[in-house]
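Engineer: So that we are looking at the same thing, I have put the structure below in structure tokens.
The values are calculated or read from the model by the stated rules, or taken from the named source; none is laboratory data. Bear in mind that the values here come from a model prediction, so they are computed numbers and not experimental data. When we count neighbours, we look across all protein chains shown, and the Cβ atoms used for this are built from the backbone with ideal geometry, even at glycine. Accessible surface is based on the protein model in full, side chains and every heavy atom, while ligands, DNA and RNA are left aside. Shrake-Rupley method; radii C 1.70, N 1.55, O 1.52, S 1.80 Å.
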Amino acid sequence: INLRLILVSGKTKEFLFSPNDSAADIAKHVYDNWPMDWEEEQVSSPNILRLIYQGRFLHGNVTLGALKLPFGKTTVMHLVARETLPEPNSQGQRNREKTGESNCCVIL
């Protein structure tokens, strides 16, 4: 499976992986093969690299095969450095209900 990984800076790099590779395997591989032109974004550990696919963080044990990614096509994912992940299925709405906060936008 061909993955195009995008950093927050906008830099991209393509990597080839097996459907059996997990998000944690991918993070470790990218860390061990960190591209030269990503030097400014180098992280201290593969454990803080997180993949985002279709707006969701992938937990470490999720395999590419489980995502049913298309073979022969390039799949785009974001790669970010983040210590912790949000809780699975946590929604901002629940958090707002607990704190009493609301987000409002006024357009004039």
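For (1) under 15 Å from the mean Cα position of the chain (by Cα); (2) open to solvent by less than 50 Å² (accessible area, probe 1.4 Å); (3) under 23 Å from Thr84 (Cα atoms); (4) of a type in the set (A, V, I, L, M, F, W, C), each residue gets a yes or a no:
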site: Ile1; (1), (2), (3), (4): no, yes, no, yes
site: Ser9; (1), (2), (3), (4): yes, no, yes, no
site: Pro19; (1), (2), (3), (4): no, yes, no, no
site: Lys28; (1), (2), (3), (4): yes, no, yes, no
site: Gln42; (1), (2), (3), (4): no, no, yes, no
site: Gly55; (1), (2), (3), (4): yes, no, yes, no
site: Lys68; (1), (2), (3), (4): no, no, no, no
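Engineer: In region 57-66, how many are surrounded by fewer than 16 Cβ atoms within 10 Å (Cβ to Cβ) and under 19 Å from Glu14 (Cα atoms)?
Structural biologist: 1
Engineer: So how many residues does region 30-40 have that are part of a loop (DSSP other than H, G, I, E, B) and open to solvent by 60 Å² or more (accessible area, probe 1.4 Å)? Show your work before the answer.
Structural biologist: Looking only at region 30-40, we keep the residues that are part of a loop (DSSP other than H, G, I, E, B), and these are 33-35.
Retained after the next criterion (residues that are open to solvent by 60 Å² or more (accessible area, probe 1.4 Å)): 33.
So the answer is 1.
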